[in-house]
Amino acid sequence: MKMLTRFVIAGGLLLSGLLTITPLSAQQNSPVDLTGMWVWVNQEDATNRFRGVDPGGRYEGMTINDAARMRADTYSEEWISTSPLLQCRPRGPTYQPYALDPVQIDKQLDPISRQVVAYKITAHKTAGARMVWLDHRADPSRYAAHSWEGFSTGTFKGPIFEISTSHLKESILSRNGVPSSFRATVIEQLYLDEPYLHWVFTVIDPDYLTEPLVRSGLYVRSSTQQLPPYPCQAEDNLPPGADQSYKVPHYLPGENPWLTETAFKFKAPLTAWRGFAEALYPQWYAAGKTMSPPAAPDLVLKPVYNDDSTRIAERADALPERVPMVGDVETVHVSGNVYLIAGAGGNIVASIGDDGVILVDSGLASGTEKVLAGIRQAAARLRPPALPESASPYNSTWQATHAFAEPKIRMIINTTDTPDHVQGNAAVRKSPAFGPLGDGPAYQLGTSSGSSQQNLSHVNVQQRMLKTDAANAPTDTYFTGRYTLYRFFNGQAVQIFHMPNAITDGDSIVYFRRADAIATGDIYNSDIYPPIDVGRGGSIDGVIDALNKVLEMSVTEYMSQGGTMIVPGHGWVSDSGDVGYYRDMLMIVRDRIQSLIDKGLSLPQVLAAKPTMDYDPLYGREPKASRRFVEAVYTSLARKGGATR
């Protein structure tokens, strides 16, 4: 017995030794465990991240271009506190690992395989978990919504956990206004060296960086700490009796008095603090020692911006104008029974349900067949709705409930008369898929009037199109500020609002009430300036008023994102946070041009001043887009107050 006991003990020790060398199959795919609570460790580069506002002009350690530098130079810290919409804007991956927030990391497991399918990363100043998917899911469509945290996938490369993130909203690289664009991507590398977590993150931004920006944060495990509640509640800070109209606090170019503050404080040359990539390299140090610091902290710096980012509009203008074309047409779910059909010209919005289809705009005529295919794709059902808890009225329930009808397009609503939004009207109306409200045998025989609402727009749109494109002109009109369809359609009210003197004098937005989705037409485009046509009644103030109306109609789910989904005339599915940024950009550019007009500058002089230079990387990459926008803003403001052309 003693010998047997010795063998058992020896065998157990041998097995234990083997397990330490060769893990069981259930252990072989176990990566490093990053879960737990982590708190940030202060280090030598933390001096610009304590409580309070970062000093103006402090961009050291960055690789920004002149467009980003101009945006930061004209930024006012009062902007966030003034805007209830953006007060609780969270920090995204372009900045969050560099912040002071404690972070909780948790796993999400597949209940069947028990493998890790995602890490959930929650920081103090974010309302919920950022999902980092490990299950190789595909990237979202280019028309999918952007968010503060973006879409992230992760993979282990040895002991390093690497995260790749896209679909980010416009955000920040630092709290003093250095921007990151909605085209930015982020690569993060997390390395566990117990009890420390090294977090290196690289921002790649084609709009605002001259080279990738690499930064890092160091965290230490904290087993006794718990995340506090989210600390922000948006407030309207206007005092009683103050002007209630929204304004964007900002400095006009060349008027910020605080750009020399940091350099003066640290007695260092100004160039060291301006975010030039070359100042990060050792060879710059010799030249830096020959430079003098500014003589005072409040000198009004007159920066000169002249790198490649300042010539984006000129390079775009040198290209031939792009003729609207039909590409790969994609159908993207927006909310409820509302879908975006993109790639056939201007964006098309479709409400698809048991009552049929309502289209908002029709795109280009050459894309009609692809649009109809997209509608069929969204309407396709693999199984019928659940049966009621009662006896079936059918002889064959399966046959009756699995015979799916072709979706019928009941109505087209046009937001504008711009060709890439309306040229498909006639093609859709002539297609077999078109079956307007009231259509049926009695209507076809002339014994019933049916419904006249086939193709609806504001009356100004119809009247113009009858002169220029009668075949595609809407058949029906409205002329009031608000028009509501006479009945629920697909289980919800559909309302149309006239946006006077915005892009033109006939713009409409369409609100699907139950889905909480708004189709804006061209008054909002996620990646291009608004194509204001002053000759057709458009104006910069009208566009801003229209966007304010959209924001008044919208609510956010939390932290300035989600909630009411907004479909632009061009670009990706958006929300109030995106529209708020766009509206504020228009207000800033309007103020700059108004200031130049007040100084007596003519239109050629205003164009030469490049008042949109810092926003051109975002919105000025189409030929003539920036020039036409500046001309339209100048002309509409000049008509109000007079100016020299």
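Any idea what Rg and Dmax come out to for the stretch 529-645 if you just take the C-alpha atoms, in Å?
Over the stretch 529-645's Cα set, Rg and Dmax evaluate to 15.0, 46 Å.
Suppose only helical runs count, i.e. DSSP H with n ≥ 4. What mean residue ellipticity at 222 nm does that imply for the chain under -39500 (n - 2.57) per run, divided by all residues and rounded to the nearest 500 deg cm²/dmol? All intermediate terms of the calculation are to be shown ahead of the outcome.
Working: 18 runs with 161 residues, N = 645.
After summing the helix terms and dividing by the residues of the chain, the value is -7000 deg cm²/dmol.
Taking every pair of alpha-carbon atoms in the stretch 259-384, give the share separated by more than 26 Å as a whole percent. Show your work: numbers first, answer last.
Numbers: 4484 of 7875 pairs.
Value for the stretch 259-384: 57 percent of Cα pairs lie more than 26 Å apart.
Please compute the alpha carbon radius of gyration of the stretch 486-579, then divide it by the globular-protein estimate 2.2 N^0.38 Å. Two decimals is fine.
1.07
Give the cross-link partners of Lys302 among the aspartates and glutamates, using a straight C-alpha distance below 16 Å as the criterion and excluding same-chain residues fewer than 8 apart.
Excluding near neighbours in sequence, the set is Asp66, Asp73, Glu255, Glu261, Asp614.
In percent, how large is the relative contact order of the chain, given Cα pairs closer than 8 Å and 6 or more residues apart? Intermediate results must be reported in sequence, preceding the final value.
Values: 1311 pairs, mean separation 80.4, N = 645.
That works out to 12 percent.
How are the Cα pair distances of the chain distributed, in percent, across 20 Å bins from 0?
Per 20 Å bin, starting at 0, the Cα pair percentages come out as 16, 44, 29, 9, 2, 0.
For the full complex of protein chains and a 1.4 angstrom probe, list Glu162, Glu211 by accessible area with the highest value first.
On the way: Glu162 35, Glu211 65 Å².
Largest accessible area first, the list is Glu211, Glu162.
Sort Lys125, Lys467, Lys247 by accessible area with a 1.4 Å probe, largest first.
Sorted descending by solvent-accessible area, the residues read Lys467, Lys247, Lys125.
Summarise the accessible area of the chain (1.4 Å probe, protein heavy atoms) by the percent that is carbon and sulfur. Before the final figure, lay out the partial values.
Working: 16700 of 30180 Å².
Carbon and sulfur atoms account for 55 percent of the accessible area of the chain.
Find the relative contact order for the stretch 99-206 and round it to a whole percent, using C-alpha pairs within less than 8 Å whose residues are 6+ positions apart.
15 percent
On full extension of the chain, what length is gained from Ala471 through Trp133, given 0.36 nm per residue of separation minus the C-alpha to C-alpha distance? Write down the numbers at each step before the final one.
Numbers: separation 338, 0.36 × 338 = 121.68 nm, distance 4.94 nm.
Additional length available on full extension: 116.7 nm.
How big is the accessible area of Ile160 in square angstrom, nearest 10, if you roll a 1.4 angstrom probe over the protein chains?
60 Å²
Give the percent of DSSP beta bridges with both residues in the stretch 341-438 that are antiparallel, rounded to the nearest 5. Before the final figure, lay out the partial values.
Values: 6 of 11 bridges.
Of the beta bridges lying entirely in the stretch 341-438, close to 55 percent run antiparallel.
Mean 1/r over all different Cα pairs, inverted: what Kirkwood radius does the stretch 371-435 give, in Å?
14.7 Å
Straight distance only, please: which aspartates and glutamates reach the Cα of Lys640 with their own Cα at less than 15 Å, same-chain residues fewer than 8 apart left out?
Hits, sequence-local ones excluded: Asp541, Asp591, Asp598, Glu631.
Which order do Ser164, Ser174 take when ranked by solvent-accessible area (1.4 Å probe, heavy atoms of all protein chains), largest first? If you can, show how the numbers build up before the last one.
Numbers: Ser164 50, Ser174 5 Å².
Descending order: Ser164, Ser174.
Once the other residues with Cβ under 10 Å from the Cβ of Ser152 are scored (Lys, Arg +1; Asp, Glu -1), what is the net sum? It would help to have the intermediate numbers written out before the result.
Values: positive: Arg130; negative: Glu149, Glu188.
Neighbour charge sum, excluding Ser152 itself: -1.
In the stretch 174-262, what is the volume of the convex hull around the alpha carbon atoms, normalised per residue and reported in Å³?
With only Cα atoms used, the stretch 174-262 gives 222 Å³ per residue.
So in the chain, what percent of DSSP beta bridges are antiparallel if you round to the nearest 5? Write out the running numbers ahead of the final one.
Details: 80 of 96 bridges.
Close to 85 percent.
Given R₀ = 41 Å, what would the calculated FRET efficiency be for Val214 paired with Ser141, taking r from the Cβ atoms and rounding to 0.05? Numbers along the way, then the final one.
Working: r = 29 Å, r/R0 = 0.72.
After rounding to 0.05, the efficiency reads 0.90.
So what's the net charge close to Pro102: Lys and Arg +1, Asp and Glu -1, counting the other residues with Cβ under 12 Å from its Cβ? Mind showing how you got there, number by number?
Values: positive: Lys125, Arg221; negative: Asp101.
That sum, taken over residues with Cβ under 12 Å, equals +1.
Given the protein chains as shown and a 1.4 Å probe, how many square angstrom of Trp273 are accessible, to the nearest 10?
Approximately 30 Å² for this residue.
Can you pull a Stokes-Einstein diffusion coefficient for the stretch 316-361 at 37 °C (0.692 mPa s), Rh from Kirkwood over Cα pairs, as a whole number of µm²/s?
Taking Rh from Cα pairs, D becomes 269 µm²/s.
At a Förster distance of 35 Å, what's the computed FRET efficiency of Arg376 paired with Ala318, Cβ-Cβ distance as r, to 0.05? Walk me through the intermediate numbers first.
Values: r = 42 Å, r/R0 = 1.19.
It comes to 0.25.
The values are calculated or read from the model by the stated rules, or taken from the named source; none is laboratory data. All values derive from a computational prediction rather than experimental measurement. Don't worry about glycine lacking a Cβ; one is built from the backbone with ideal geometry, like all the others, and counts go over all protein chains shown. Heads up: the accessible areas ignore ligands, DNA and RNA and are worked out on the full protein's heavy atoms, side chains in. Shrake-Rupley method; radii C 1.70, N 1.55, O 1.52, S 1.80 Å.
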